[in-house]
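For reference, the structure discussed in these notes is given below.
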Amino acid sequence: MHMTKAQTRGGITRRSAIRVFIGGGALIAAAPSLTLAAPSSSDRAMTIRDLFGGDIGPMVIIHQDNIVTLEAPIPDMGTGVEMALPMILAEELDVDWQQVKIERFKANSVPNAEGQRIQNYVHQGSGGSASVRTAWPQLRKCGVITRRIILTAAAVKLGVPYDQLSTDKGFVVTGGKRFPYADFIDDALMQDAGLVKQKFTAVDNPHEVPTYEIDIDGDFWAVKPRQEYAVIGKDVASPRLETLLRGEETFGIDHNLPGQLYASIERCPYIGGDVKSFRAEEAKALAGVVDVIAVPAVTAPDSDYEFNTPGVAVLATSYWAAYKARQLLKIEWDKGPQTHENTAWQYENSITAFDQDDKRDLHNSGDVEKGLASADKVLDVQYQAPHFAHLTIEPMNCVASVTDDGCVFGAGVQYPNGAIQFISDIFGIPVDNITHLTCKLGCGFGRRARDDYLAEAVYLSKTVKRPVKVIWTREDDIQHDFFNPMSVTRMRGGVDKDGTISAWDCLFSSQGGTNMQSFPTLLIPNMRIRHTRNASKAKLGAWRGPGHNLAGFYAEGFLNELAELAGRDPYEFRIALLGGDRGLPYTGWYPQRPENPTISTKRNKAVLKAVAEKANWKGGNPAPGKGRGIASHYTFGAFAAMVVDVTVDQTDGTFQVDRVTAAIDCGLVVHPSGARAQIESGIIDGLSAAVHQNIQFDEGRVTTRNFDDVYLTRMDTSPRHIDISFVGEDAEPFGTGEIALPAFIPALAAALYDATGVRIRKLPIGDQLKKT
Amino acid sequence: MQITVNGRSISINEGLDGEMPLLWFVRDFVQLTGTKFGCGIGQCGACTLHVNGDAVRSCSYPVSALSEGDAVTTIEGIADGEKLHPVQQAWKEFDVPQCGYCQAGQMMAAIDLLKQYPNPTDEIIDQNHDNLCRCGTYDRIRKAIHRAADLMAGKG
Ligand code: FES
Ligand code: FES
């Protein structure tokens, strides 16, 4: 049951071009090269009011009482960007944070001359820890420009030369007098739009969705010196927090549309399978059930790629009736081509793939085999990790209404403009006729970068001609996730008599990729990383730190093993390996990546030194049952180093994380409480992943069902103390969401080894620590 | 049957399916969406609300288990008008939420915990507070529970 080509419509080629997977599966928006034309709206703009759709500046509304509404342009999935981004805007606009309200900026794009949609003012997607990094220059510019617009009007109204005006927290100041911004808004709105330079420049970074930035003449382009910051870097309070604490914040699942039906969908559990036939008499007989219909997999006209999983939907007047009736469906499945695929097969197949000929070099320097042959001591070991699910606390859901006028949909999405483009391309609705209802996201982790859950709701609404709200069960959410790929990694390494690494060979077998091309890889003279692909067809997607999440476990884990083989302290070993201060060429992706990026040994040493000092590192913990380990990793432009302390029960092998000491260099920290929260989150997610994540497959389908199968870290096992320091505040700000987890897992594994002598090379940790 | 939800009188129709979990009744019929759905099997606690002052996981609590006059309290009903409940206040002071989706359940569970243990130790919190937070806000929840205990004991 696939949607026929007649039901879909063009444009998807373009969209496929703007959402691609790189490296380990990071969902990164990449633009084809562009010929840029000014957006049509600016051609018509006569006044500032016209230019900014009635507002005084992009994402800025100043009310008569001098209250300022700032609109957060990037969806917040727990990442804190609804705080951090308005803070950047507020700083350059120079307003009093106590007077700020925060709303959400709607998906905003304009067509260029070729009809391609370009985001306006700021990049609006959430992924790759890129939100703060990408919005940083853009939002400062928006703040500077808006302040300039107000000052220009003030100069005229007050009859004072522009250069004799200054601002202070929402007031224009001149000659010792203070005038609220609000006094000048009416005049400012009526100013010629030419005040803002009409030259729209595109941020034509191949890794970003193209964005038009507004500009002004260089004379006015002066950002505040950092010493003068009143908002950035301060733990200011969130104006939206109380709404959330009162249970009044809107999440995707809280959107309702008048006259909506609720849908619960039984999707084909088999990878690549389909609905063969179904009977729905019993389901239809249940009170409240309105209809039962097939939901096909939607595809683009020029591709077989199925955006969603085919299934059968029960539509009812309440969610409960739809859910209950769904249990009464009689469906015969076409089990598809993967019924041989189960968890054991995935591991066996990955090992078989070691011998395949078509291995791809991800890195190759020196002569690995020679280096291994000449080594004083060698180690040959195998690491592995299972599929991880996203397990966003809010299961997938979407409410959509398709009418002749267009489409309205409410759902938490990581890429609002991408989601709108998807609906436009697949369902043939013009972008300007599609409205996304904004909200907070009950986690994302990469899951809400996909479109499958949107496709179903839009398809159903279009078919039944009523608004439809689709809510997934937790079981649906796990079974039909896009997983972080399982992998098996063979590590061979040698050390010389002088205690240095002579060679290191890594053979990574997985359906997905890995990001091991930073440190220690760049520091080892004879180093090879190869990727071989297993034959699994499990659905994969971006999962918190794609490609990085396990690169730390593998590379830093084995680095700790080599340190021991060399008889050296793992901290000293790392500092020596990093050597003198220099930048080494880096081939991985990170947001706002320049042409030929390098990564800095100095910054990596700095986080290691900071964490060693803070944790008072003197090697492992010799006390019985106690353990201590260290690791670091570079993710999407930021450095993390961790020391983990554990206590292991020597009989049953259960353990408690006593303390995590973390040093982070993510450059300037915009919102300290939010940044700390992201590091805490990554640590706890790392613990959850290492202990609990283990998605199981059998007969070509996922058999893990709910939180009883994958319990995840709770209060009782969460680390007792987390101690985070930020270093490197002088640098430009980078994201924090994906930074901690890749460094935490290997530091934990090292601590457990120190306590027990058991090397954790296999995730989940399971009962490996139990004395036999 | 008449019950109250946050002090408001609500009637439950004869025709309503008694198997319907209280979660969906509250969300879809009383239109209070602060109570969240996370797992549907009593595992995560996102749906925690109070029935006659006791915390229940409403996804696994059928409407038929309610009796005439029962008082249901949801997250929307714990503040005293403008004044936040001490637990909400403590959550605010420690800037607990990340995505925030689990936090209604966390706070409703914490209120019940503090009713049983007005001055809980870390061990008591570990043993009694097992709501899932996928964002990992446990450290702050723990601190906020201690802070709320102080606030409720008048140690502002
Ligand atoms: S939704 Fe009720 S416990 Fe998870
Ligand atoms: S705050 Fe996001 S799940 Fe708890």
- Item | Given (1) touching a Phe, Trp or Tyr at 6+ places or on another chain (Cβ under 9 Å); (2) crowded, with 19+ Cβ neighbours inside 10 Å; (3) at pLDDT 95 or above, index of the condition A:VAL298 fails | (3)
- Query: Can you tell me how many residues in region A:77-92 are under 14 Å from A:CYS439 (Cα atoms) and more than 14 Å from every other protein chain (Cβ to nearest Cβ)?
  - Reply: 0
- Message: For region A:484-536, give me the residue count where each residue is of a type outside the set (Ser, Thr, Tyr) and farther than 30 Å from A:PRO337 by Cα.
- Response: 27
- Task: Run A:LYS771 past the list (1) farther than 30 Å from A:TRP136 by Cα; (2) outside any helix (DSSP H, G or I); (3) open to solvent by 10 Å² or more (accessible area, probe 1.4 Å); (4) modelled with pLDDT of 95 or more and report the number of the one that doesn't hold.
- Result: (4)
- Query: Residues of region B:25-43 being more than 10 Å from ligand 1 (Cβ to nearest atom) and either more than 14 Å from A:TYR319 (Cα to Cα) or in contact with a Cys (Cβ under 8 Å, 6 or more places away or on another chain) (or both), which ones?
  - Reply: B:LEU32, B:GLY34
- Residue check, A:LYS359 more than 32 Å from the chain's Cα centre (by Cα), touching a residue at least 40 places away in the same chain (Cβ under 8 Å) and open to solvent by 10 Å² or more (accessible area, probe 1.4 Å): no
- Query: Say we look at region B:110-139 and pick out the residues that are surrounded by 24 or more Cβ atoms within 10 Å (Cβ to Cβ) and more than 8 Å from ligand 2 (Cβ to nearest atom); which of these is nearest to A:VAL710 (Cα to Cα)?
  - Reply: B:ASN131
- Query: Mind checking whether some residue in region A:263-271 is within 14 Å of another protein chain (Cβ to nearest Cβ) and closer than 21 Å to A:ASP477 by Cβ?
  - Reply: yes
- Task: Output yes when any residue across region B:18-34 is at pLDDT 95 or above, over 23 Å from A:THR250 (Cα atoms) and either within 16 Å of ligand 2 (Cβ to nearest atom) or open to solvent by 10 Å² or more (accessible area, probe 1.4 Å) (or both), and no when none is.
- Result: yes
- Message: Quick check on my filter: what residues within region B:104-136 are more than 7 Å from chain A (Cβ to nearest Cβ) and under 26 Å from A:PHE388 (Cα atoms)?
- Response: B:GLY105, B:GLN106, B:ASN131, B:CYS133
- Message: Looking only at residues that are among the hydroxyl-bearing types (Ser, Thr, Tyr) and under 22 Å from A:SER401 (Cβ atoms) in region A:227-271, which one is least open to solvent (accessible area, probe 1.4 Å)?
- Response: A:SER264
- Task: Check A:PRO719 against each of (1) modelled with pLDDT under 95; (2) open to solvent by less than 10 Å² (accessible area, probe 1.4 Å); (3) not hydrophobic (A, V, I, L, M, F, W, C) and name the one condition it does not meet.
- Result: (1)
- Note on the structure: Over region B:80-94, the set of residues open to solvent by 40 Å² or more (accessible area, probe 1.4 Å) and within 7 Å of another protein chain (Cβ to nearest Cβ) is B:LYS92
- Selection count, region A:687-709, where residues are more than 14 Å from every other protein chain (Cβ to nearest Cβ) and of a type in the set (A, V, I, L, M, F, W, C): 3
- Can you give me the ranges of the helices (runs of 4 or more DSSP H) entirely in region A:409-515 with at least 3 residues that are under 28 Å from A:GLN327 (Cα atoms) and away from every other protein chain (no Cβ under 14 Å)? A:452-464
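The values are calculated or read from the model by the stated rules, or taken from the named source; none is laboratory data. Keep in mind that this is a model prediction, so the values were computed, not measured. A quick note on method: Cβ atoms are made from the backbone with ideal geometry, for glycine too, and the neighbour counts reach across all protein chains shown. Note: accessible area is taken over every heavy atom of the protein model, side chains too, but ligands, DNA and RNA are not part of it. Shrake-Rupley method; radii C 1.70, N 1.55, O 1.52, S 1.80 Å.
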